[in-house]
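Encoded as structure tokens, the structure appears first; notes follow it.
The values are calculated or read from the model by the stated rules, or taken from the named source; none is laboratory data. Worth saying up front: this structure is predicted, and the values here are computed from it rather than measured. Cβ placement follows ideal geometry from the backbone for every residue including glycine, while neighbour counts extend to all protein chains displayed.
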Ligand SMILES: NC(=O)c1ccc[n+]([C@@H]2O[C@H](COP(=O)([O-])OP(=O)(O)OC[C@H]3O[C@@H](n4cnc5c(N)ncnc54)[C@H](O)[C@@H]3O)[C@@H](O)[C@H]2O)c1
């Protein structure tokens with residue numbers, strides 16, 4: 001159901017790889033709500049992803065950019081502003097990748113060079129994006145910047161490995177830069193802590209189906225899907241959320257507030 005919540009707004013969306021990607025669903029929903037979009041992803045993702053299909057569907061240009069490279073980000077935001085004929089109203093960071101997870105290294109035996117690359121791609125890129133937007137003065141007043149996080153930033157999920165620290169750093173950047181953006185331009189910055197979601201990045205985590213099912217049972221509302229997340233992003237990019245900033249917002253069907261759920265007690269319950 002579309003309500004023109006983003007009519008006249010212009011946004012840059014990072015991270016749509018295929019139709020499973022959270023960013024893909026967000027781009028579709030933002031388009032439905034009347035936004036103009038520029039899509040971007042790492043140059044390598046152009047080759048094995050399907051971003052051009054999405055671009056055609058929603059009439060958005062694709063501007064490749066490696067989110068770990070300042071010069072790529074400068075070119076991206078300059079070209080996006082040219083395309084829009086003005087400033088940017090919203091930006092979604094939907095980027096994550098862990099070399100140690102991909103190469104199946106145990107948490108007690110991580111390669112620290114790879115860890116630095118993981119932090120660079122998954123967290124420092126968020127600061128880099130905000131700093132580039134800042135220097136180009138590319139955001140419109142009352143704009144909205146969001147990134148996707150996961151509850152492993154606060155609690156231990158052993159198989160999530162170094163991505164836990166990436167997400168803790170990501171959430172911290174949202175708070176720290178959120179202060180500067182709020183003061184300078186009334187721009188808000190938040191992270192969305194999303195339920196486990198079936199995507200390329202998600203299913204790369206060892207035992208993903210087990211913790212997907214566990215979270216689904218633990219959460220009174222069940223897991224939030226990528227489509228649910230897209231709706232939440234529309235809200236965060238719309239004028240309905242103007243005073244929400246510097247927050248890590250749990251979008252997880254209630255998972256983060258649960259202690260025990262009888263639905264998961266199984267054989268251990270006496271009753
Ligand atoms: N899937 C889940 O269970 C889940 C849960 C909570 C949060 N998240 C987060 O959601 C975000 C999106 O992930 P997803 O699950 O949609 O998976 P995805 O694999 O579809 O998206 C990850 C994206 O990151 C992009 N990327 C990787 N390196 C890049 C670089 N150097 N520059 C630019 N882009 C780069 C990839 O090309 C890809 O499009 C990530 O931050 C992820 O950690 C996912």
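Summed over segment 205-232, the residues that are in contact with a strand residue (DSSP E or B) (Cβ under 9 Å, 6 or more places away or on another chain) and in a helix (DSSP H, G or I) give a count of 4. Just name the residue that is surrounded by the fewest Cβ atoms within 10 Å (Cβ to Cβ) out of those in segment 1-43 that are within 9 Å of the ligand (Cβ to nearest atom) and assigned to a strand (DSSP E or B). Going through the qualifying residues, I end up with 14. So, residue 245, is that one touching a residue at least 12 places away in the same chain (Cβ under 8 Å), touching a strand residue (DSSP E or B) at 6+ places or on another chain (Cβ under 9 Å), closer than 22 Å to residue 172 by Cα and part of a loop (DSSP other than H, G, I, E, B) or not? Spelling it out, residue 245 is indeed touching a residue at least 12 places away in the same chain (Cβ under 8 Å), touching a strand residue (DSSP E or B) at 6+ places or on another chain (Cβ under 9 Å), closer than 22 Å to residue 172 by Cα and part of a loop (DSSP other than H, G, I, E, B). Residue count for segment 44-64 under the criterion of being within 15 Å of residue 21 (Cα to Cα) and either in a helix (DSSP H, G or I) or within 10 Å of the ligand (Cβ to nearest atom) (or both): the result is 9. Report whether or not residue 67 is more than 16 Å from residue 129 (Cα to Cα), within 7 Å of the ligand (Cβ to nearest atom) and in a loop (DSSP other than H, G, I, E, B). Taking the combined requirement at face value, the residue does not satisfy it.
Residue by residue, here is whether (1) in contact with a strand residue (DSSP E or B) (Cβ under 9 Å, 6 or more places away or on another chain); (2) at pLDDT below 95; (3) within 25 Å of residue 240 (Cα to Cα) holds:
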| position | (1), (2), (3) |
| --- | --- |
| 32 | no, no, yes |
| 37 | yes, no, yes |
| 41 | yes, no, no |
| 75 | no, no, no |
| 78 | no, no, no |
| 83 | yes, no, no |
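For segment 229-255, what are the residues that are out of contact with any helix residue (DSSP H, G or I) (no Cβ under 6 Å at 6 or more places or on another chain) and closer than 15 Å to residue 191 by Cα?
Taking segment 229-255 first, the residues out of contact with any helix residue (DSSP H, G or I) (no Cβ under 6 Å at 6 or more places or on another chain) are 231-232, 236-240, 242-244, 247, 249, 252-254.
Those that are out of contact with any helix residue (DSSP H, G or I) (no Cβ under 6 Å at 6 or more places or on another chain) and closer than 15 Å to residue 191 by Cα: 231, 232, 236, 237, 242, 243, 244, 247, 249, 252.
The set of residues in segment 62-120 that are over 19 Å from residue 14 (Cα atoms) and surrounded by 16 or more Cβ atoms within 10 Å (Cβ to Cβ) comprises 99, 100, 101, 105, 110, 114, 115. In segment 89-204, counting only helices (runs of 4 or more DSSP H) that sit wholly within it, the ones holding 2 or more residues that are more than 16 Å from the ligand (Cβ to nearest atom) and closer than 22 Å to residue 74 by Cβ span 125-135, 163-185.
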